[in-house]
Structure formats: C-alpha cells, structure tokens
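Enquirer: Have a look at the structure that comes next, please.
The values are calculated or read from the model by the stated rules, or taken from the named source; none is laboratory data. Source: prediction; values computed, not measured. Glycine gets a Cβ as well: all are built from the backbone with ideal geometry, and neighbour counts include every protein chain shown. Accessible surface is based on the protein model in full, side chains and every heavy atom, while ligands, DNA and RNA are left aside. Shrake-Rupley method; radii C 1.70, N 1.55, O 1.52, S 1.80 Å.
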Amino acid sequence: MASSGQKVVLITGCSSGIGLRIAVLLAKDEKKRYHVIATMRDLKKKDKLVEAAGDAYGKTLMLLPLDVCSDESVKQCINSVQDRHIDILINNAGVGLLGPVESISMEEMKRVFETNFFGVVRMIKEVMPDMKKRRAGHIVVMSSVMGLQGVVFNDVYTASKFAMEGFCESMAVQLLKFNVHLSMIEPGPVHTEFETKMMEDVAKMEYPGADADTVRYFKDVYLPSSKDIFEAMGQTPEDIAKCTKKVIESRSPRFRNLTNSLYTPIVAMKYADETGGLSVNTFYNLLFNFGPLMHITMSILKCLTCSCLRRRTISPN
C-alpha cells in the first residue's frame, strides 16, 4: 500500500529488460516518492526482478500478474489496486518480430499488434477514466524510434509502433484538457537479453515463402549492418530507465522523448522531405550500396561514443 505522498506507478512487462530496470530505479528512489506496482504475465519469472529490487521488494515495490492481451486480466489487475488509483502508468510490455514479411504468418503479425498496440490501448482505456475524474495523471508509453522511421525487415514491428504513435498523438490532445499528460519514450537499439537472443535465432532460421535473394539480403546484408548499429549506438535498459524517470519527474513532460540523440538527424531527415524519397533512398543506399562504408562509419562512431557522450543521450532535454 502506498504511503501518504507517494505516487502509485504501475508498469507493464517487468520480468526483464527495460521494464525491470524502470521498476527497480523508481522503487529505490532515495526520497521514496514512488510506490511501484510491477506487473508481468507470469509471476514465475519474478526472480530477476525480486533480486534486483533487494530491500525495496515488499516495501516500495509489489508484484501483480497482468496479461495486457486479456481484457479480464487488465480489469482484474487495476481493480486490485487500492481505489483503482494510479498516478503514473508506464506501458512497457512489448514483443518483437523480424524477418522477410513473406515468411511471417498472419497469426504472428496479429500477435505483435495484440501486445504492442491493443495491449497499450487496453491499459489506457482502463486507467484513463479515473485519471480524468481526478484531473491528474501521467501515461507513459514505451515506443521506439521505429515508430517514427520505418526500418527494413522490421515491417510488422514498425507498423505496430507507428499505430501506437498515431493513437497516442491523438489521445494526448484530449487528455491535456483533463490535466493528464501522455509521453512517448522512443529508444533506438537497446542491449537486452531478448534482443540478443532474437538476433541469434533469426540468423539460423529458414524462411519458407521468401525468395532466395530476399533471404540473402536479410541474412548477409541487413543482419551484419544491424549488429554494427547495435554495437555503435546501442543503449542499456538502465539508460532508458533513467530517461523515463526524468520524463515522469519533469514539471512539463514532453510528448516525444528520443532517448538517443544520435538518432535525431535520422528522424529529422524524414520530415525534411515531404515526398519521403530522401529517407527511403538514403536507407537504400546505406544498406545496399554503401555497406562497407557504413561498417567503417559505425566502427568509428563506436570509438567516438565515449561514456561522456552516452550519458548525454539519456536525457530527454
């Protein structure tokens, strides 16, 4: 139960990665300003979170089961919170999907949207009425730079993030009238166990339905380039947690918050040309015509991004 003056923060997808780090960071706040409700679909996976939380577990951090893909689970979770009072909702739960679209079943695509888009919508629908009544609250959505700029072979994942960005951009206007803030956190590549395992798995997979050239471009061109980008520009879950904490503690939280300033020029390029040709042709050339040059550039960038520069990238300001 939250103490007087504490803000109640509910976070989805806390079994690992970014969600786990946000939950622990807020629960260990020196001023004890937060009562954290960390949720996950399967509480059997709680061990990493409990270990990381240490003494905060059972004091400023509690656990609840939650499946964002289930209407019943979402309602039951929110109903179990005292007075259904949630000051800050952090939508973090998400799944990835990578590979040639010809080899991805419609069921797999629907699964991504069910979690990444409709899961967020369910959570917002459930907490929004109470926030609007109180004329107070903050909804945070873990988006991605892929919600702003499409990335080849991430077609379905990118589409789910674009849908979420559009939904939230529309909702933000209405919510502001009720003094409820909505903020998007937009990381680039993040080093997590999930991402590492996914990259390893897709390199070994077969892709029935996709032609040989497409599979070769994916495995021999895209995956090595993606690895270079992760090594040069990747952040840690801790970086994203620190950025999220700054956003929720801001007096005037911004709607969009890129966590990595190295991506700002990439996003700006898209809006510099209304035809879309600049960004499409640039990414085409980087991937298919200037692959070796891109590898060298990423290697140089990796050397240049010292710890002091990386610290600068975690601030939304």
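Enquirer: On the accessible surface of the chain, probed at 1.4 Å, how many percent belong to carbon and sulfur atoms?
Expert: Values: 9110 of 16110 Å².
The nonpolar share, carbon plus sulfur, comes to 57 percent.
Enquirer: While we're on this one: Enter the angle in degrees (range 0 to 90, nearest 10) between the Cα long axis of helix 223-233 and the first principal axis of the Cα atoms of the chain, meaning the one along which they spread out most.
Expert: Taking Cα atoms only, the helix is inclined about 50 degrees.
Enquirer: Continuing with the same structure: Positive end of the charge dipole of the chain (Lys, Arg +1 and Asp, Glu -1 on Cβ, about the Cα centre): tell me which of THR39, GLY58, GLY99 has its Cα farthest that way.
Expert: The residue sitting farthest along the positive end of the dipole is GLY58.
Enquirer: Now for a separate question. Round to the nearest 10 and give me the degree value, 0 to 90, for the angle of helix 291-304's Cα axis relative to the longest principal axis of the chain.
Expert: Tilt of helix 291-304: around 40 degrees.
Enquirer: While we're here: When the Cα centres of the range 195-238 and the range 173-191 are compared, how far apart do they sit, in Å?
Expert: Cα centroid of the range 195-238 versus Cα centroid of the range 173-191: 29 Å apart.
Enquirer: Sticking with this one: Nearest 10 degrees is fine. How inclined is helix 118-134 to the longest principal axis of the chain, computing both from alpha carbons?
Expert: 40
Enquirer: To the nearest 10 square angstrom, what accessible area does TYR57 show with a 1.4 Å probe?
Expert: Rounded to the nearest 10, the figure is 90 Å².
Enquirer: MET199: accessible area at probe 1.4 Å, nearest 10 Å²?
Expert: 40
Enquirer: Under a 10 Å cutoff between Cα atoms, tell me which one of ASN79, ASN116, ASN154 has the largest fluctuation in the Gaussian network model of the chain.
Expert: In the Gaussian network model the winner is ASN79.
Enquirer: How much of the DSSP beta bridge set in the chain is antiparallel, as a percent to the nearest 5? Mind dumping the intermediate values first?
Expert: On the way: 0 of 28 bridges.
Looking only at bridges with both residues in the chain, the antiparallel portion is about 0 percent.
Enquirer: How big is D for the chain, in µm² s⁻¹ as a whole number, if Stokes-Einstein is applied with the Kirkwood radius of its Cα pairs at 20 °C and 1.002 mPa s?
Expert: On the way: Rh = 20.5 Å.
It comes out at roughly 104 µm²/s.
Enquirer: Ok, one more. What are the residues whose amide H is under 5 Å from the amide H of LEU182, where those residues sit 5 or more places off or on another chain and H is modelled from the backbone?
Expert: For LEU182, whose amide H was placed from the backbone, the distant partners under 5 Å are ILE139.
Enquirer: Please give the per residue accessible area of the range 19-66, computed with a probe of 1.4 Å over protein heavy atoms only, in Å². The partial results should precede the final answer.
Expert: Numbers: 2640 Å² over 48 residues.
For the range 19-66, the solvent-accessible area averages 55 Å² per residue.
Enquirer: Then there is this: Would you list LYS270, LYS246 from the most to the least accessible area, probe 1.4 Å?
Expert: Values: LYS270 55, LYS246 90 Å².
Descending accessible area places them as LYS246, LYS270.
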